[in-house]
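Participant: Pasting a structure below so you can have a look.
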Amino acid sequence: LWAQARPELESLVGANNYVTWLAPLSLRAIEGGAADIACPTRFLSDWVSRHYARPIIDALTAQGAAVERVTFTVAAAPAAAAPAGPAAAGARPAAPARPRPAPREDELSAPIDTRFTFDNFIVGKPNELAHAAARRVAEGGFVTFNPLFLYGGVGLGKTHLMHAIASERRSRDPDARVLYLSAEQFMYRFVQALRERTVMDFKELFRTVDLLMVDDVQFIAGKDSTQEEFFHTFNALVDQGKQIVISADRAPGEIKDLEDRIKSRLSCGLIVDLHPTDYELRLSILQSKTDLFRATYPGLQMGQGVLEFLAHRITSNVRVLEGALQRLFAFASLMGREIDLDMTQECLTDILRASDRKVSVEEIQRKVAEHYNIRLSDLVGPKRVRTLARPRQIAMYLAKQMTSRSLPEIGRRFGGRDHTTIMHGVRKIEELCAADNSLAEDVQLLRRALEA
Ligand code: ADP
Ligand code: MG
């Protein structure tokens, strides 16, 4: 029902508001005229009940539900906004039964999102190689490495780079046949062609392309006939000296259920990985996105401290960073408030909490012990010698900064120490960092290593 009400709701509140406020919600139950909505945070539920109760009631009523009130339960929503996974392919409408003319290549390609350009791709250490290789491919001309294999975790810019390549290549050479597909789309098109008995045309089509890009290729692993077709298409293009760009979430050799011959073909060009973002890169991305948001929300104030806070705390991926900024700006403009740290923490509790889970106190302890070349058991143990005490305090400090554990909880993980001991350690390091540059750098270094 919730899914059915969604289009109505979206049109009632507008797509932007929908994404910012309502997408994280889901319907738990309707009982006695009340729709109970699951909402990931208290903050969000307050906001939504104040501003969007009416549209929710109207949208549900339009679906024939008897709803007069909305209640909220703070609970994690199911992964409703998850990107199209393999399941999505099955959910697509069935292809028409009748054979039809084979599609042209622009129909075959997924649409290119022209917002993803090289100009707005921020380059830093973790992605500079990938960026340079993508630029080279976009220039066209002599094919130097084939395929270009881009891999890295979610939200690090693989799809962005591929769209940028497509736009750039098309603008340089409008006649070039540039094809961009997700692996699922590739698979789906192939299955469709099989069903419509246009396989021959299908093969021809791919084989006359100048630049083929297949995104998230890990999804064809285990799909045997698709793999087979992919392999033939791939070989035909490479033999003709046509450029191929592939992305995946991991290196070719690490993709399970992928045939060895495909792995080795994929590995014979240039393999570049996008590393997890570092603090500097996150900060420059935030800065550039903030400039964009400022144009949309003129007059909004946001301190540099907020950007630094976000760059420190949201380390998972760039998409999450963007979403956080968007929510902040929307919230600030609606409330007519300046974006400060307080508001940021309030508005983003759910995101901050989710990214906290990344680092555990144990990981911090391990890293610190390793860094200072001491035993983990000594780090958390009772000995008070200075060579142990200082690293121990640094670990306490990082645990307080980087996790959402309370002082007593941290104390328990440090051999059952009292929360005042932890607090003392945290304060000590704060003081020392202010006074001692080399210690501050050390702490910064550890923090980044932990975030990476
Ligand atoms: P992936 O395909 O690797 O999962 P995406 O390319 O979809 O990641 O990137 C997720 C979001 O983050 C996109 O909105 C993209 O524009 C943005 N993004 C990622 N890296 C950068 C970057 N270096 N500069 C600017 N935006 C970036
Ligand atoms: Mg992607």
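The values are calculated or read from the model by the stated rules, or taken from the named source; none is laboratory data. Everything numeric in this text was worked out from a predicted model, so none of it was measured. Every residue, glycine among them, receives a Cβ derived from its backbone with ideal geometry; neighbour counts consider all protein chains shown.
Participant: Give segment 1-41 a look and list any residue that's more than 18 Å from Glu68 (Cβ to Cβ) and of a type in the set (Asp, Glu), or say none.
Facilitator: If the condition is that a residue be more than 18 Å from Glu68 (Cβ to Cβ) and of a type in the set (Asp, Glu), then Glu10 is the only one that fits.
Participant: Considering only residues that are of a type in the set (Gly, Ala, Ser) and out of contact with any strand residue (DSSP E or B) (no Cβ under 9 Å at 6 or more places or on another chain), which ones fall in segment 168-196?
Facilitator: Filtering segment 168-196 down to residues of a type in the set (Gly, Ala, Ser) leaves 171, 176, 182-183, 193.
Ser171, Ala193 - these are the residues of segment 168-196 that are of a type in the set (Gly, Ala, Ser) and out of contact with any strand residue (DSSP E or B) (no Cβ under 9 Å at 6 or more places or on another chain).
Participant: Could you list, in sequence order, the residues of segment 395-452 that are over 21 Å from Gln345 (Cβ atoms) and of a type in the set (Ser, Thr, Tyr)?
Facilitator: Thr420, Thr421, Ser438
Participant: A follow-up question, please. Which number in (1) surrounded by fewer than 20 Cβ atoms within 10 Å (Cβ to Cβ); (2) within 12 Å of ligand 1 (Cβ to nearest atom); (3) aliphatic (A, V, I, L, M) marks the one condition that Ala221 misses?
Facilitator: (2)
Participant: Next question. Output the residue which, of all residues in segment 139-178 that are hydrophobic (A, V, I, L, M, F, W, C) and surrounded by fewer than 23 Cβ atoms within 10 Å (Cβ to Cβ), is nearest to ligand 1 (Cβ to nearest atom). Don't jump to the end; show me each part of the working.
Facilitator: Looking only at segment 139-178, we keep the residues that are hydrophobic (A, V, I, L, M, F, W, C), and these are 142-143, 145, 148-150, 154, 156, 161-162, 164-166, 176, 178.
Keeping just the survivors that are surrounded by fewer than 23 Cβ atoms within 10 Å (Cβ to Cβ) gives 142-143, 145, 154, 176.
On the way: Phe142: 27, Val143: 23, Phe145: 20, Val154: 5, Ala176: 22 Å.
Among those that are hydrophobic (A, V, I, L, M, F, W, C) and surrounded by fewer than 23 Cβ atoms within 10 Å (Cβ to Cβ), it is Val154.
Participant: Now for a separate question. Could you please find all residues in segment 324-348 being surrounded by fewer than 19 Cβ atoms within 10 Å (Cβ to Cβ) and not in a loop (DSSP other than H, G, I, E, B)?
Facilitator: If the condition is that a residue be surrounded by fewer than 19 Cβ atoms within 10 Å (Cβ to Cβ) and not in a loop (DSSP other than H, G, I, E, B), then Gln326, Ser333, Leu334, Met335, Leu341, Asp342, Met343, Gln345, Glu346 are the ones that fit.
Participant: State yes or no: is Leu205 closer than 26 Å to Val143 by Cβ, of a type in the set (A, V, I, L, M), away from ligand 2 (no atom under 16 Å from the Cβ) and at pLDDT below 80? Steps first, answer last, please.
Facilitator: Working: closer than 26 Å to Val143 by Cβ: yes; of a type in the set (A, V, I, L, M): yes; away from ligand 2 (no atom under 16 Å from the Cβ): yes; at pLDDT below 80: yes.
Yes.
Participant: Looking only at segment 168-186, which residues are over 22 Å from the mean Cα position of the chain (by Cα) and within 16 Å of ligand 2 (Cβ to nearest atom)?
Facilitator: Initial filter on segment 168-186 (over 22 Å from the mean Cα position of the chain (by Cα)): 168-179, 186.
Hit for segment 168-186 is Phe186, nothing else.
Participant: Taking segment 393-431 as the search range and keeping residues that are β-branched (Val, Ile, Thr) and in a helix (DSSP H, G or I), which one is farthest from Leu379 (Cα to Cα)? It would help to see each step written out before you state the result.
Facilitator: Residues of segment 393-431 that are β-branched (Val, Ile, Thr), as a first pass: 394, 403, 410, 420-422, 426, 429.
If we keep only those that are in a helix (DSSP H, G or I) too, we end up with 394, 410, 420-422, 426, 429.
Working: Ile394: 10, Ile410: 13, Thr420: 18, Thr421: 14, Ile422: 13, Val426: 15, Ile429: 16 Å.
Filtering segment 393-431 for residues that are β-branched (Val, Ile, Thr) and in a helix (DSSP H, G or I), the one farthest from Leu379 (Cα to Cα) comes out as Thr420.
Participant: Among (1) more than 14 Å from ligand 2 (Cβ to nearest atom); (2) at pLDDT 95 or above, there is one condition Pro93 misses while meeting the rest; what is its number?
Facilitator: Failed condition: (2).
Participant: Just one of the numbered conditions (1) away from ligand 2 (no atom under 16 Å from the Cβ); (2) modelled with pLDDT under 90; (3) closer than 30 Å to Phe121 by Cβ; (4) of a type outside the set (A, V, I, L, M, F, W, C) is not true of Glu196; which one?
Facilitator: (3)
One line per residue, one yes/no per condition, for (1) crowded, with 20+ Cβ neighbours inside 10 Å; (2) assigned to a helix (DSSP H, G or I):
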{"site": "Ile271", "(1), (2)": "no, no"}
{"site": "Ser284", "(1), (2)": "no, yes"}
{"site": "Val306", "(1), (2)": "yes, yes"}
{"site": "Ala311", "(1), (2)": "yes, yes"}
{"site": "Thr315", "(1), (2)": "yes, no"}
{"site": "Glu322", "(1), (2)": "no, yes"}
